[in-house]
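Undergrad: The structure is given below, and queries will be raised subsequently.
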Amino acid sequence: MVIKVYIASSSGSVAVKKYQQSVVGFLEANRISFQEIDITMLEERRLWMYRNIPRDKQPEKGNPLPPQIFSDDCYCGDYEDFFQAKENNTVFSFLGLSSKPSVKDSES
């Protein structure tokens, strides 16, 4: 299972950049393996992201903004969904993971 975070490396929006950094930072801090996919580099990636976000999660106007999070090809949610999962301490189930990765090295 691969967690995929769709981001925009050249976003002009400070909020989008902040949200992307928050998601990526959390995953890195918790040693959760993930793949960062930049939608600004290839049109195909952006279109794939748009097509695979459920209709009820699409904005009323415009296109969905990054970050968008998938587990393999299964949609998990956007930043707001991630934030709620973080607040509720349910990020691992939100990502489709069974539990927090074990950290063997930190106990030595």
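The values are calculated or read from the model by the stated rules, or taken from the named source; none is laboratory data. Bear in mind that the values here come from a model prediction, so they are computed numbers and not experimental data. Cβ sites come from the backbone with ideal geometry, for glycine too, and all protein chains shown count toward neighbours. Ligands, DNA and RNA are excluded from the accessible area calculation, which covers all protein heavy atoms including side chains. Shrake-Rupley method; radii C 1.70, N 1.55, O 1.52, S 1.80 Å.
Undergrad: Picking from V14, V24, V91, which is most flexible by a Gaussian network model of the chain using Cα springs under 10 Å?
TA: V14
Undergrad: In the range 1-101, which trypsin sites (Lys or Arg not before Pro) fall in coil by DSSP and have 15 or fewer other Cβ atoms within 10 Å?
TA: On the way: sites: K4, K17, K18, R31, R45, R46, R51, R55, K57, K61, K86; in loops: R31, K61.
Within the range 1-101, the qualifying trypsin sites (Lys or Arg not before Pro) (loop, at most 15 other Cβ atoms within 10 Å) are R31, K61.
Undergrad: Could you report the accessible area of M41 in Å², rounded to 10, computed with a 1.4 Å probe on the protein chains as they sit in the structure?
TA: Per-residue accessible area (M41): approximately 130 Å².
Undergrad: Out of the GluC sites (Glu not before Pro) in the range 42-85, which ones are loop residues according to DSSP with at most 16 other C-beta atoms within 10 Å?
TA: E60
Undergrad: Report, for the chain, the % of DSSP beta bridges that are antiparallel, rounded to 5. Before the final figure, lay out each step's value.
TA: Details: 8 of 13 bridges.
DSSP beta bridges in the chain are roughly 60 percent antiparallel.
Undergrad: May I pose another question? With no solvent and one equal point scatterer per Cα, compute the Debye intensity ratio I(q)/I(0) for the chain at 0.17, 0.19, 0.21, 0.22 Å⁻¹ and report its log10, rounded to two decimals.
TA: Cα-only, vacuum Debye calculation for the chain: -0.79, -0.98, -1.19, -1.29.
Undergrad: What residue among S99, G25, T40 has its Cα farthest toward the positive end of the dipole of the chain, where the charges are +1 on Lys, Arg and -1 on Asp, Glu, each on the Cβ?
TA: With unit charges placed on the Cβ atoms, the residue in question is T40.
Undergrad: Using Cα pairs closer than 8 Å and at least 6 residues apart in sequence, work out the relative contact order for the chain, in percent.
TA: On the way: 118 pairs, mean separation 34.3, N = 108.
Over the chain, the number comes to 32 percent.
Undergrad: Rounding to the nearest 20 debye, state how big the charge dipole of the chain is about its Cα centre with +1 on each Lys and Arg Cβ and -1 on each Asp and Glu Cβ.
TA: On the way: 13 positive and 15 negative charges, 22 e Å.
In total the dipole reaches around 100 debye.
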